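Student: One structure follows; several queries about it will come next.
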Amino acid sequence: MSQQRNDRPDGDLRNTGMSLRHDREWDYELDRIVEEVEERGAETVGLQFPEGLKRRGPGVADDLRESLPDDVSVMISGQPCYGACDLDTYLMKRTDVFVHFGHSPMKDSNKILYVPLFSNVDVFPIIEEAIGNQLASPDEDPDVGLVTTAQHMNKFEEMREFLEDEGYTVHTRRGDDRLTHEGQVLGCNYESADIDADQVLYVGGGKFHPLGLAMEHQDKNVVIADPVNNAVTIADAEQFLKERYASVHKAMDAESWGVIFCTKIGQGRWEEAQEIVDNNDDAYLITMDEITPDRLLNFGMDAYVNTGCPRITTDDGPQFHAPMLTPGEYKIAIGEKPLDELEFDTFHGTW
Ligand code: SF4
């Protein structure tokens, strides 16, 4: 998400897409990268890491250089990276092999080598703790939805079997093509939780994903089994909703609107941005890649609408000098929609 995000002590993943808190060993799949370089006869290799793993970049480059011929150059992207939507297209175009670490593919491409970096944290003790406590036991309610993040996707089938062995009927689905795997959720897409069950078990770290999940599926009991912080909680969207209502209220008197179109490859919603400026003479379309308070300060608009990554609006919104709304919240602020139709902003499709 935005570069304003600081490391949060509770292991919240919104900063990085993953946490270094446990200093886990990741499998960088160096052999696969070397093989790819050899197969393509590559002379240049680009490496892109999520924010939380950037400090590992030089070490991974060293290890690669040891295995690669001397005339192959290895470069590291210094661009911010918060998801598979956030590819360094400049480096990608200028390297023969481009490696994106830490996220699952949003769109397949021969050019990009995705190295997912699965977590090796044991997820089962915390799932066991959730059962019969925050998660209704199979006797009370046998139906449960199961979702997780890309980091734990390698354990998904085992999680399903574990729950089935406990007596549950496990409901899973794959969302739209923004999601690579069945049961996977993103900070901007929870379609895989559109299942026929009143309770959903989210296995993963932090509050970042489940909050959106709880907002998007307010009719369901969303149980967070967090194997990173070893905690089970219920996702509660109430406080979050209050914050969003407050931002919408503040924006209701705005006389000038900045409508942000994000130029990152997987974060552009051109039609949505255009529709707003076409229908509002006081709205101005602003294009940018990283959306930060500093970059917007000099525009001095009364309010902004962010059509890029929804998490920037919802997680970093309070850091901006003027209210920052999602496209749906904008409609409420200008009176096109009633306040009780406030929804979580989700992002669908790829590019
Ligand atoms: S747009 Fe979606 S996938 Fe990309 S950084 Fe934001 S939440 Fe993550």
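The values are calculated or read from the model by the stated rules, or taken from the named source; none is laboratory data. Quick caveat, the model's predicted, so the values are computed rather than measured. Cβ: placed from backbone, ideal geometry, glycine included. Neighbour counts: every protein chain shown.
Student: Checking V305 against (1) more than 21 Å from C81 (Cα to Cα); (2) among the β-branched types (V, I, T); (3) surrounded by fewer than 17 Cβ atoms within 10 Å (Cβ to Cβ), which single condition isn't satisfied?
Tutor: All conditions pass for V305, except number (3).
Student: Still on this model: May I ask you to list the residues in the stretch 63-89 that are outside any loop (DSSP other than H, G, I, E, B), touching a residue at least 12 places away in the same chain (Cβ under 8 Å) and not polar (S, T, N, Q)?
Tutor: Passing the criteria: D63, L64, V74, M75, I76.
Student: Regarding the stretch 243-265, can at least one residue be identified that is more than 25 Å from T326 (Cα to Cα), at pLDDT 95 or above and among the charged types (D, E, K, R)?
Tutor: Checking the stretch 243-265: not a single residue is more than 25 Å from T326 (Cα to Cα), at pLDDT 95 or above and among the charged types (D, E, K, R).
Student: Got a sec? Which of S77, S73 is within 16 Å of the ligand (Cβ to nearest atom) and assigned by TED's automatic domain parsing to the domain that holds E35?
Tutor: Result of the check over S77, S73: S77.
Student: Given the residues G145, G183, G187, which is the only one that is touching a residue at least 60 places away in the same chain (Cβ under 8 Å), away from the ligand (no atom under 15 Å from the Cβ) and under 30 Å from C309 (Cα atoms)?
Tutor: After ruling out the rest, the residue left standing is G145.
Student: Quick check on my filter: what residues within the stretch 110-134 are within 16 Å of the ligand (Cβ to nearest atom), without any contact (Cβ under 8 Å) to a residue 40 or more places away in the chain and part of a loop (DSSP other than H, G, I, E, B)?
Tutor: Hit for the stretch 110-134 is P116, nothing else.
Student: Tell me which helices (runs of 4 or more DSSP H) are completely within the stretch 156-267 and hold 1 or more residues being surrounded by fewer than 18 Cβ atoms within 10 Å (Cβ to Cβ), or say none if there are none.
Tutor: So the answer is 156-165, 238-251.
Student: Here's another thing I want to ask about it. State whether one or more residues within the stretch 168-177 are over 17 Å from V223 (Cα atoms), assigned by TED's automatic domain parsing to the domain that holds A225, of a type in the set (K, R) and touching a strand residue (DSSP E or B) at 6+ places or on another chain (Cβ under 9 Å).
Tutor: yes
Student: Could you list, in sequence order, the residues of the stretch 326-344 that are within 16 Å of the ligand (Cβ to nearest atom) and modelled with pLDDT of 95 or more?
Tutor: T326, P327, G328
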